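The values are calculated or read from the model by the stated rules, or taken from the named source; none is laboratory data. Please read these numbers as outputs of a predicted model, since none were measured by experiment. Neighbour counts run over all protein chains shown; Cβ positions are idealised from the backbone, glycine included.
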Amino acid sequence: MLTVSGLKRLHICVSFDLRGGECVALQGPSGVGKTLLLRSIADLDPNEGAVKLDGKLRESMPAPAWRKQVTYLAAEPGWWSDTVREHFTAWDDALPLVKRLRLPEDCASWPIQRLSTGERQRLALVRGLVLQSRVLLLDEPTSALDAASAAAVESLIADRVKQGASVIWSTHDDAQARRVGSRILRMSTGGRIEEELT
Amino acid sequence: MTYIPLAYGDLILPALLVVMDGVLSLVLHLKLERQLAVATVRMVVQLVLVGYVLTFLFAAVSPLWTALAAFVMVLFASREIVARQKRRLPGIWSYGLGASCTLLAAGSVTMFALLTELRPDPWYHPRYALPLLGMILGNTMTGISLGLDVLITGLVRERSAIEACLALGGTRYQAVLPVVRDALRSGFTPIMNSMAAIGLVSLPGMMTGQILAGVAPVDAAKYQLLIMFLIAGGTGLGTLAAVLGGARLLTDQRHRLRLDRVSSGG
């Protein structure tokens, strides 16, 4: 479904395929360029190479349309308004996901300041998931979560994968990588990736 | 109209006040005396020079010389805008954006006043065109430099919020809108504050000048109102153009935030 060929950004140079309904784990030491790679696929930084979704080049569509289908979710999400609800076009659509990720149901009216780091991370995930993107680029989506919340996130993403979404999941947790990924892409300091089967 | 003309000799006594400032700086070890001396000399030279330049221009009443003088004024204004930025726009744009926006805003508002209300003969008469342009330029410049400074600082500070919006499929216009609003608000604030305080706290320089020159206070007030309206319009236009232009330069066609284009100034 997602084809990345000859993607170049700074020292990174990678090619790989991602099938529909597949979740691959992205691993590698800190600072090796995992975030850069995910941001480049989402076209958030200038980069070279051909990235296609179902054979369609990303340059063939406006960047916002591409990012609604190939959505990058940052490890430390940003917030552009004061309250939670202002970050959602339809809060009702988000509510089932809010419940499932064990977030307080009445948090819509909360100021962002009131949320803990873990709550913000899960809420940012909800904010991205309501777009129903075809490809999710998750940058350490459970780094600030306790075990129970992390499990809730893993099961929610697994459901999305069953429904046909493709996911690249960057993680430092080897056990999590094996749990969520059907393959592991291991990034080395040279900016290349090697594939490992789990 | 009657006014009391000054000879150069009449300035010696008042100038002693600046010398007093210098002595204070020396006695209190403020280390300002060098700076004070340079500023004073600059002021004297610049003002006397501009007096002679204007005398020449008023005698010539040439569209070419007037345009050249206006151009030099815009150049100095854009230099001042750049000097006031903590972080700068890329390459030629660091000067270009400020210069083109001040020129656009101050120029069009000055023309508007000359052609509709003041109507001097000829319309480009430097006695009207240059002082008007100067006053509008100074205020427009303040609006533009404040607006740009808040814009660039805001884009850097709000980077994660802007990129979150972009990553979720927002356009660059949606993503930078909160920062653009802040920048416009900052650019407009000084002129609104001075409009509110004018006459109560401060008597504007031009009105004071006209009163000293013997113009009836109510007539001077009318002139000042005209100038203030022009300044408000010029600041609005210039700040809007500069902030929108800056926001466009720091994003790209693929709706990315391009902070790599910002360089930090001195």
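Numerical summary
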quantity: Scope region B:163-176; condition among the β-branched types (Val, Ile, Thr) and at the interface with another protein chain (Cβ under 7 Å from one of its Cβ atoms); matching residues; calculated: B:THR171
quantity: In region A:41-73, residue surrounded by the fewest Cβ atoms within 10 Å (Cβ to Cβ) [restricted to those that are among the acidic types (Asp, Glu) and within 11 Å of chain B (Cβ to nearest Cβ)]; calculated: A:GLU59
quantity: Residue match in region B:87-98 (condition: closer than 21 Å to B:GLY205 by Cβ, part of a helix (DSSP H, G or I) and not aromatic (Phe, Trp, Tyr)); calculated: no
quantity: Verdict on B:ILE152 being farther than 16 Å from B:LEU257 by Cβ and assigned by TED's automatic domain parsing to the domain that holds B:MET73; calculated: no
quantity: Verdict on A:LEU38 being touching a residue at least 60 places away in the same chain (Cβ under 8 Å), within 14 Å of chain B (Cβ to nearest Cβ) and either in contact with a Lys or Arg (Cβ under 7 Å, 6 or more places away or on another chain) or surrounded by fewer than 17 Cβ atoms within 10 Å (Cβ to Cβ) (or both); calculated: no
quantity: Neighbours by Cβ (under 6 Å, 6+ apart or cross-chain): first from region B:212-237, in contact (Cβ under 8 Å) with a residue 40 or more places away in the chain; second among the small types (Gly, Ala, Ser); calculated: B:LEU230/B:ALA113; B:GLY234/B:ALA105; B:GLY234/B:ALA106; B:THR235/B:GLY143; B:LEU237/B:ALA105
quantity: Region B:200-233, residues that are touching a helix residue (DSSP H, G or I) at 6+ places or on another chain (Cβ under 6 Å) and of a type in the set (Val, Ile, Thr); calculated: B:ILE211, B:ILE227, B:ILE231
quantity: A:TRP80 vs. criteria touching a Cys at 6+ places or on another chain (Cβ under 6 Å) and within 14 Å of chain B (Cβ to nearest Cβ); calculated: yes
quantity: Options B:VAL48, B:VAL44, B:VAL61; residue that is at positive phi and not hydroxyl-bearing (Ser, Thr, Tyr); calculated: B:VAL61
quantity: Residue in region A:89-111 that is crowded, with 16+ Cβ neighbours inside 10 Å, closer than 17 Å to B:ARG172 by Cα and either touching a Phe, Trp or Tyr at 6+ places or on another chain (Cβ under 9 Å) or more than 10 Å from every other protein chain (Cβ to nearest Cβ) (or both) present; calculated: no
quantity: Whichever residue in region B:186-219 is in a helix (DSSP H, G or I) and among the β-branched types (Val, Ile, Thr) and, among such residues, is surrounded by the most Cβ atoms within 10 Å (Cβ to Cβ); calculated: B:ILE191
quantity: Selection count, region A:155-186, where residues are in a helix (DSSP H, G or I), in contact (Cβ under 8 Å) with a residue 40 or more places away in the chain, under 20 Å from A:PRO29 (Cα atoms) and of a type in the set (Lys, Arg); calculated: 1
quantity: In region B:39-56, residue farthest from B:ILE144 (Cα to Cα) [restricted to those that are among the hydrophobic types (A, V, I, L, M, F, W, C) and over 22 Å from the mean Cα position of the chain (by Cα)]; calculated: B:PHE56
quantity: Every residue from region A:137-154 that is surrounded by fewer than 17 Cβ atoms within 10 Å (Cβ to Cβ) and assigned to a loop (DSSP other than H, G, I, E, B); calculated: A:SER143, A:ASP146
quantity: Test: A:GLY128 is within 11 Å of another protein chain (Cβ to nearest Cβ), in a loop (DSSP other than H, G, I, E, B) and surrounded by 15 or more Cβ atoms within 10 Å (Cβ to Cβ); calculated: no
quantity: Residues located in region A:19-48, provided they are under 18 Å from A:TRP66 (Cα atoms) and over 14 Å from the mean Cα position of the chain (by Cα); calculated: A:ARG19, A:GLY20, A:ASP45, A:PRO46, A:ASN47, A:GLU48
